[in-house]
Amino acid sequence: MTRSEIETLVERGKAGWRNRDVDELLAGRAPDCIVESPFHGIVKGRDAIAAVYRSWLTAFPDATFQPTDLVVDGDRVVVFWTFSGTHSAEFAGFAPTGRHFSIVGISLFTIRDDYVVHERRYYDVTALLVQVGVLKARPA
């Protein structure tokens, strides 16, 4: 993929969150794509990835995804991002708290034959859970 095509793919992801469109979020994913994340572990295949997106869209219906930087090196792509939302429904067994969160993270993509075949996400799960109020931070 060219840098321009990768930029378009990242913008489609941003639009997918804005439009709450799982198909748009899955754009450019290979049918056997693998996603690794701190919260969901290793998820294989478009159907399983779609289920993860649906769980986030349900729990955080106002979620926003804002890519901030993009690094492209051959078939490897790094997207730096900010993700925020309000915990409005059950998520991973936690009852909704109505509290807002904002985290930063990165996604490392591997591209083959014009498709994302692998994504590894890095973000601070503890910070998210503290911000939405399901974990308590210890005073410093």
Legend entry - Tally, over the stretch 93-140, of residues that are of a type in the set (Lys, Arg) and either under 18 Å from Val10 (Cβ atoms) or at pLDDT 90 or above (or both): 4
Inset, instruction - For Lys44, state whether it is at pLDDT 95 or above, among the basic types (Lys, Arg) and farther than 23 Å from Gly133 by Cα. - result: yes
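For the stretch 51-61, enumerate the residues that are out of contact with any strand residue (DSSP E or B) (no Cβ under 7 Å at 6 or more places or on another chain) and either crowded, with 16+ Cβ neighbours inside 10 Å or among the acidic types (Asp, Glu) (or both).
Correct list: Tyr53, Trp56, Leu57.
So which residues in the stretch 91-125 are more than 16 Å from the chain's Cα centre (by Cα) and either surrounded by fewer than 15 Cβ atoms within 10 Å (Cβ to Cβ) or free of Cβ contacts under 8 Å to residues at least 60 places away in the same chain (or both), if there are any at all? Walk me through how you get there before you give the answer.
Initial filter on the stretch 91-125 (more than 16 Å from the chain's Cα centre (by Cα)): 93-100, 111-115.
The answer is Gly93, Phe94, Ala95, Pro96, Thr97, Gly98, Arg99, His100, Arg112, Asp113, Asp114.
Can you tell me how many residues within the stretch 20-40 are of a type in the set (A, V, I, L, M, F, W, C) and more than 14 Å from Ala51 (Cα to Cα)? Give the derivation first.
Kept after step one, since they are of a type in the set (A, V, I, L, M, F, W, C), are these residues of the stretch 20-40: 22, 25-27, 30, 33-35, 39.
Now narrow it down to the ones that are more than 14 Å from Ala51 (Cα to Cα): 27, 30.
The total comes to 2.
Specify the residue that is farthest from Ala48 (Cα to Cα); the eligible residues are those in the stretch 102-136 that are part of a loop (DSSP other than H, G, I, E, B) and charged (D, E, K, R).
For the stretch 102-136, the residue satisfying everything is Lys136.
Per-residue answers, yes or no, for (1) crowded, with 16+ Cβ neighbours inside 10 Å; (2) touching a residue at least 12 places away in the same chain (Cβ under 8 Å); (3) in contact with a strand residue (DSSP E or B) (Cβ under 6 Å, 6 or more places away or on another chain); (4) within 22 Å of Thr126 (Cα to Cα):
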{"site": "Ala15", "(1), (2), (3), (4)": "no, no, no, no"}
{"site": "Arg20", "(1), (2), (3), (4)": "no, yes, no, no"}
{"site": "Val35", "(1), (2), (3), (4)": "yes, yes, yes, yes"}
{"site": "Ile42", "(1), (2), (3), (4)": "no, no, yes, yes"}
{"site": "Asp47", "(1), (2), (3), (4)": "no, no, no, no"}
{"site": "Ala63", "(1), (2), (3), (4)": "yes, yes, yes, yes"}
{"site": "Val71", "(1), (2), (3), (4)": "no, no, yes, no"}
{"site": "Asp75", "(1), (2), (3), (4)": "no, yes, yes, no"}
{"site": "Thr82", "(1), (2), (3), (4)": "no, yes, yes, yes"}
Legend entry - Test: Val10 is crowded, with 17+ Cβ neighbours inside 10 Å, touching a strand residue (DSSP E or B) at 6+ places or on another chain (Cβ under 6 Å), not charged (D, E, K, R) and not in a strand (DSSP E or B): yes
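The values are calculated or read from the model by the stated rules, or taken from the named source; none is laboratory data. Just so it is clear, the model here is predicted, and its values are computed rather than measured. Glycine also receives a Cβ, built like all others from the backbone with ideal geometry; neighbour counts cover every protein chain displayed.
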